[in-house]
1. Taking all protein chains as present, what is the carbon and sulfur share of the accessible area of region 161-244, in % to the nearest whole number, probe 1.4 Å?
2. Out of every Cα-Cα pair in region 161-244, what percent are more than 18 Å apart?
3. Measure off, as a whole percent, the carbon and sulfur share of the 1.4 Å-probe accessible area of region 248-315, all protein chains present.
4. Where the centroid of each part is defined by its Cα atoms, how far is region 201-275 from region 178-200 in Å?
5. Sort the following peptides by mean Cβ neighbour count (other Cβ atoms within 10 Å, averaged over residues), highest first: 204-217, 285-298.
6. Where the only charges are on Cβ atoms (+1 Lys, Arg; -1 Asp, Glu), what is the dipole of region 161-244 about its Cα centre, to the nearest 20 debye?
7. Measuring with a 1.4 Å probe in the full set of protein chains, what accessible area per residue, in whole Å², belongs to region 161-244?
8. Given an 8 Å cut-off on Cα distances and at least 6 residues of separation, report the relative contact order of region 161-244 as a percent.
Amino acid sequence: MDVFHVTDLDGNKLIDEGVISYLEKSLATIHCGKPAASNDLTALELTGTDRVGLLSEVFAVLAELECDVVEAKVWTHNGRIASLIYVKDCNSGSPIKDSQKIDTIVGRLRNVLKGQDDILYAKTSVSMTVTHTERRLHQMMFADRDYERKPVLQHSDDSPVVTVQNWVERGYSVVNVQCKDRMKLLFDVVCTLTDMDYVVFHGTITTAKDRAYLELYIRHTDGTPISSEAERQRVIQCLQASVERRTSQGVRLELRTTDRPCLLADVTRTFRENGLNVTRAEVSTSADVALNLFYVTDALGNAADVKTINSVREKIGLSCLKVKELPLISQQKTEGEEQGVGVGGTVLFSLGSILRRNLYNLGLIRSYSQA
């Protein structure tokens, strides 16, 4: 039996019956996180060295090759970039299945990703299968070994603290993660452990103000705990990376406008021409309306200048490109809520981190209990 205490993104009690009903239904079913419409799209997977203007070049190539970008997510971490871009043919509106055109797309995008100094590690591939986008991004960055690279941006006080110790008497390895609370934190940590062939048997997650504390009891899929110092350090590195990948660096810009050909190419070119680097992006379209989120910094990874942001907004459109503040999580928690007090050891979650049952249904965790 699992008990969750949840709030909305501002730390307030849920009172919307529609949201509560949606939670109940989604938690009771397998929910892979991708709409059925994704079956009608072609997925492009890209990894390479991040640089200013890279997304602009990628979207320009796709526009030139008459690929309509319907959805996309872009993560950057430690100087690397991973992106899943879902496209369809501009003319037919169908998935791109022509092998010659696919080869052209892959070749052009690989050349863009290679640039001048990433000949060995830049990768481009095409998939016709439906996948969970965010879990796939974790897998792509894990395969790219981003966790071994030196950070380009320092995460200062928000850097996650991860410890791993063995509980010899019970045959578990105990993982503790302390970091800033945010949406999908539990999902990110558990996905990474699963992809590293570990199974989560028990765990406790609590939050206090804006901090999250995770304690997970894990074993290998063969039932054994972590057996060496090198393996312990690797787990620590990978979990730190899993938390940092989704950390929002920079100013959050929201673009909401009528979708049109070359929209993303034009917007990201404007970012590039003004020296802005995109650290994370989410692209979606619904009923011919484009809703895109961009997190941008200057070329060196520092906070973008206000004048630069205003200039970009004027060029793209003040009414459609707006600066959005991140939602405040758990700002107004009471003392009792901060400590996660409840019957039977229940814990407090931020809305968006309560995917435990979905993870179970997806086979990501075997069992879970609050101690």
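1. Values: 1730 of 3490 Å².
Here carbon and sulfur together make up 49 percent of the probe-accessible area.
2. On the way: 1213 of 3486 pairs.
Tail of P(r) above 18 Å: 35 percent of Cα pairs.
3. On the way: 1490 of 3250 Å².
On region 248-315, the fraction of accessible area on carbon and sulfur atoms equals 46 percent.
4. Here the two parts' Cα centres lie 9 Å apart.
5. On the way: 204-217: 19.8, 285-298: 16.4.
Averaged packing, sorted descending, gives the order 204-217, 285-298.
6. Values: 9 positive and 11 negative charges, 57 e Å.
Once rounded to the nearest 20, the dipole reads 280 debye.
7. Values: 3490 Å² over 84 residues.
Using a 1.4 Å probe on heavy atoms only, each residue of region 161-244 averages 42 Å².
8. Details: 130 pairs, mean separation 29.5, N = 84.
Here the relative contact order equals 35 percent.
The values are calculated or read from the model by the stated rules, or taken from the named source; none is laboratory data. Given the structure is predicted, the values throughout are model-derived calculations rather than measurements. Glycine also receives a Cβ, built like all others from the backbone with ideal geometry; neighbour counts cover every protein chain displayed. Protein only, heavy atoms only, side chains kept; ligands, DNA and RNA dropped before computing areas. Shrake-Rupley method; radii C 1.70, N 1.55, O 1.52, S 1.80 Å.
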